[in-house]
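Data first, discussion second: the structure below is written as structure tokens.
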Amino acid sequence: MKRLLLTSLAAIAIAASGAFAQQSTLDVVKKSGELVVGLGMECAPFSYRDAGGNLVGFEVDLTNVLVKNLEAYVGVPLKLRLENVTDETRISWVQSGQISVSVCHCNNTRKRQDLIDFSVPYFWDGKSVMYNNAKGKKDLKDFAGKTIGFKRSSSSEGEIKRYFEAQGWTAPVLKQFDNHTAGIKALADGQIDGFTDDNSIIISTAMLAGYTVGEGKKLNLTPGRYSAAYYGVGVKENDSKWRKAIDFALHDMWLSGDYQKIYDKWFGAKSKCPIPLGTNKMEPFVKG
Amino acid sequence: MNFNNYVFAAPYFGWLLRGAANTVMISAMTATLALLVGIPVGILRQMAPAFVRVVLAGFITLFRNMPLVPFLLFSVFVAPDFFLQCTGKAIPIGFEYWLFIVCVALNASGYIADIVRSGLRSIPEGQVQAGRVLGLSPRQVIFRILVPQAVRISTPALGTRLIHTMKNTSVAMVLPIVVDSLDVAGQGARIAGECFAWAEPLVFAAGTYLVFSLMLEALLWYICRNPLLTGREYDAA
Amino acid sequence: MTPPEILRTLVFGFPVIKECLDTAWPIFIQSLGGLMLSFFITIGSLIGGAILGMILALMRFTPVEEQAKRFRFRPVVLIGSSVEWFIRGLPIMIIVLLFNYLPFALFKLRVPGAILAVGAFSLYGGAYFSGVFLGGLRCVSSDLRNASRVLGLSSLQTLIHIRIPIAVRTMLPALLGITVTLFKDSSVLVVVAVPELMYTARQMAFSSPSDYAPVLGTTLLLYWIIATMISGLARLLEQHWDGAVSR
């Protein structure tokens, strides 16, 4: 009886870890003809539901082109299937293989590199703190000991804590939100002193929520950045065949000019959140 | 499954322990508040004049049938505007935590009031009349006849409801709350977001709830064994 | 958005993105959204919970003749009771989160969120159902059977005229109570992005934040009205049968 139990336990363990880990995701995708993309669905401007309920955003457009380029690389027609991932599941589902890639505004940090691999960055940005102009002009330093909101399971929590520690400032009180809009609303209501995440996300979210952002407007960003953000497509750890495929698909997008088109649509001069491509300063990685 | 060893290392294990302590604290506050509101409402619902009873029946129906998550999201996001319009001042920072406790307690108090009321209702009318005939004052009838029996009848149900309320505090993670005052389920989700490991913190949180409910059940069993509650001394007399 | 638009989206959910559909599972379930999906989850978990609850109740049930004897070790009863206690000890939030993560991690099973939700709520409901069924089984136990046999009813007649009506009368109000609980608690699925009523409402509130109060208010009202209606029905039935008995 005991032996039977042990054998079956071992069988489950092997089935759970060993057998599936060997195969490259590229082969899996090629065989099934289905690309399962993990896409977040509530983060402007990357992927969100607009007022009409349609899924739109930078990453949605990016994914559509990615599939086309990947099709050319793999050589078989691919069916795109989307999985709604949350910020909590976007890493663990890649790890477990539930999704082939995750395109979910996922910042390439060292800690995440321990668990999954990332493609070349397809977007880069920095992190500042957004504040309410009614409370006066602010610098990063003024947030020592103040209440700062962050989106749960973004990398901001650890990074801002470490940055303040390194500068020798009093640690801020951190308040977690499970949605960016909720945080921006709390900021406008005066419930928190600042809200932090990647600048593109917080600016777009604030504008979609109907607040003005900028010098002398309702909300504004601190000039100093405390961290950089490099978004990469998340792929399975140690699967370089598959990572290469994704990288090439992204390169092709860049070469064909599709990337420029999508970028201009969401971050060009006429968009809601203009970030000129190329002038955006690359910043060093932050450990952690 | 990938076991990430660092979930049970510093500082994450500390987060979980703090979360467990917060669960105890939040549950204690919620339970106290729920009993303070629920018991008087239940008693008055049975004994007060007619118009008060109608109002209290409305109160019980309102909060008993209120699902917790929509109730919390609605109150937390609409309260700031409402407060501003009523008082002209911004709502104090950190109100969410207290609002959370009040909302969960109100939800539980609806159930508690119903339990107390059905405890009172199950005592036959004849006992009150008999008490009056024997020359007891109305106050004596209430405190010598009704209350002891109602307490005895409703204690097990009350205890079960409070254990349920303890488990209900796990919805705190849908609200904006300062990370240090999150409960154990919230800390589990926070670690899941930080370390990308779901299984370990969730299993820890599940274990915490199981241990807490086991302890509370044991406590309830001990209380219900008390001769004052089993009513043995009445039988012996 | 205008009020009818808000209400329509809340009831039927956002338009389904066709890339999200998994052809390995019924498309009908995956294209549900909003209140309809909440209903589906409630009904699905009622059925699943009833089956699980019946199994647990039969495991835990000991006939009256047996109860009279002193304590005897019964492994089946012990297993049934501990499973029931285990599920009851967990908050639904934790069950939902575990269900969302574990099937793929353990068994490589890719399941749409709506079906996982039905599974989680069946488990949760099963524990509560088993208590109710146990009560039902006890109240139709041997005393009653003996009495009806003495009166000359066949066992089929006993079943139809005595045991089922009594069991239904004892159990139905409690079952409706559990239905209300399941329906109300389905709102915790907001944390795992299953597009039921609460998740739809939250997404809508966050995509057009000027509608915060109306959207969240309507959602709360919808939940409250439906829960009140079901529990009102339970109360009515109880009163009706109480009257029938005393008459």
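The values are calculated or read from the model by the stated rules, or taken from the named source; none is laboratory data. The model shown is predicted, which means the values in this text are computed figures rather than measured ones. Using ideal geometry, Cβ is built from the backbone for each residue, glycine included, and neighbour counts are taken over all protein chains shown.
Summary of values
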quantity: Extreme residue, nearest to the chain's Cα centre (by Cα), among residues of the range C:80-122 that are within 12 Å of chain B (Cβ to nearest Cβ) and of a type in the set (Gly, Ala, Ser); calculated: C:GLY89
quantity: Count - residues of the range B:169-194 that are in contact with a Lys or Arg (Cβ under 8 Å, 6 or more places away or on another chain), crowded, with 23+ Cβ neighbours inside 10 Å and among the hydrophobic types (A, V, I, L, M, F, W, C); calculated: 2
quantity: Selected residue (only one of C:ARG145, C:ARG110 is out of contact with any Leu (no Cβ under 8 Å at 6 or more places or on another chain), among the charged types (D, E, K, R) and within 30 Å of B:ALA192 (Cβ to Cβ)); calculated: C:ARG110
quantity: Residue within the range B:166-176 that is basic (Lys, Arg) and closer than 28 Å to C:VAL188 by Cβ present; calculated: yes
quantity: Residue, nearest to the chain's Cα centre (by Cα), within the range A:119-128, restricted to residues that are outside any strand (DSSP E or B) and either closer than 20 Å to A:GLY183 by Cβ or among the hydroxyl-bearing types (Ser, Thr, Tyr) (or both); calculated: A:TYR122
quantity: Hits in the range A:172-211 - residues which are touching a Pro at 6+ places or on another chain (Cβ under 7 Å) and of a type in the set (Phe, Trp, Tyr); calculated: A:PHE177
quantity: Failed condition for A:SER102, given (1) within 14 Å of chain B (Cβ to nearest Cβ); (2) out of contact with any helix residue (DSSP H, G or I) (no Cβ under 9 Å at 6 or more places or on another chain); (3) part of a strand (DSSP E or B); calculated: (2)
quantity: Scan of the range C:13-25 for residues that are surrounded by fewer than 16 Cβ atoms within 10 Å (Cβ to Cβ) and part of a helix (DSSP H, G or I), ordered by number; calculated: C:LYS18
quantity: Residue list for the range A:129-150, filter: crowded, with 18+ Cβ neighbours inside 10 Å and closer than 17 Å to A:PHE177 by Cα; calculated: A:VAL129, A:MET130, A:TYR131, A:THR147, A:ILE148, A:GLY149, A:PHE150
quantity: Qualifying residue in the range A:228-237 (condition: part of a strand (DSSP E or B) and within 14 Å of chain C (Cβ to nearest Cβ)); calculated: yes
quantity: Flag for B:VAL37 being under 23 Å from B:PHE143 (Cα atoms) and within 21 Å of the chain's Cα centre (by Cα); calculated: yes
quantity: All positions within the range A:171-197 that are farther than 14 Å from A:PHE143 by Cβ, among the small types (Gly, Ala, Ser) and either outside any helix (DSSP H, G or I) or within 11 Å of chain C (Cβ to nearest Cβ) (or both); calculated: A:ALA182, A:GLY183, A:ALA188, A:GLY190
quantity: Test set (1) surrounded by 15 or more Cβ atoms within 10 Å (Cβ to Cβ); (2) more than 14 Å from every other protein chain (Cβ to nearest Cβ); (3) not aliphatic (A, V, I, L, M) - B:PHE204 fails condition number; calculated: (2)
quantity: Considering residues of the range A:159-170 that are within 16 Å of A:GLY194 (Cα to Cα) and within 14 Å of chain B (Cβ to nearest Cβ) only, the residue surrounded by the fewest Cβ atoms within 10 Å (Cβ to Cβ); calculated: A:LYS161
quantity: Residue list for the range C:186-201, filter: buried (at least 24 other Cβ atoms within 10 Å of the Cβ) and part of a helix (DSSP H, G or I); calculated: C:SER186, C:SER187, C:VAL188, C:LEU189, C:VAL190, C:LEU197, C:MET198, C:TYR199, C:THR200, C:ALA201
quantity: Subset tally (residues that are surrounded by fewer than 18 Cβ atoms within 10 Å (Cβ to Cβ), in a helix (DSSP H, G or I) and of a type in the set (Gly, Ala, Ser)) for the range B:14-62; calculated: 6
quantity: Test: residue in the range C:207-224 that is within 16 Å of C:THR181 (Cβ to Cβ), at pLDDT 90 or above and within 9 Å of chain B (Cβ to nearest Cβ); calculated: yes
quantity: Elements of type helices (runs of 4 or more DSSP H) contained in the range B:63-134, each with 2 or more residues being more than 12 Å from chain C (Cβ to nearest Cβ), surrounded by 14 or more Cβ atoms within 10 Å (Cβ to Cβ) and touching a residue at least 24 places away in the same chain (Cβ under 8 Å); calculated: B:95-121
quantity: Checklist (1) at pLDDT 90 or above; (2) closer than 21 Å to B:VAL76 by Cβ applied to A:ALA171, failing item; calculated: (2)
quantity: Residues of the range B:176-187 that turn out to be closer than 14 Å to A:ILE192 by Cα and part of a loop (DSSP other than H, G, I, E, B), as a count; calculated: 1
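Quick grid of which residues meet (1) out of contact with any strand residue (DSSP E or B) (no Cβ under 7 Å at 6 or more places or on another chain); (2) crowded, with 22+ Cβ neighbours inside 10 Å; (3) aliphatic (A, V, I, L, M):
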position	(1), (2), (3)
A:LEU35	no, yes, yes
A:GLY38	no, yes, no
A:CYS43	yes, yes, no
A:ARG49	no, yes, no
A:ASN54	yes, no, no
A:TRP93	no, yes, no
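Here's the yes/no breakdown for (1) in contact with a Gly (Cβ under 8 Å, 6 or more places away or on another chain); (2) within 14 Å of chain C (Cβ to nearest Cβ):
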{"position": "B:ALA150", "(1), (2)": "yes, no"}
{"position": "B:PRO156", "(1), (2)": "no, yes"}
{"position": "B:GLY159", "(1), (2)": "no, yes"}
{"position": "B:VAL179", "(1), (2)": "no, no"}
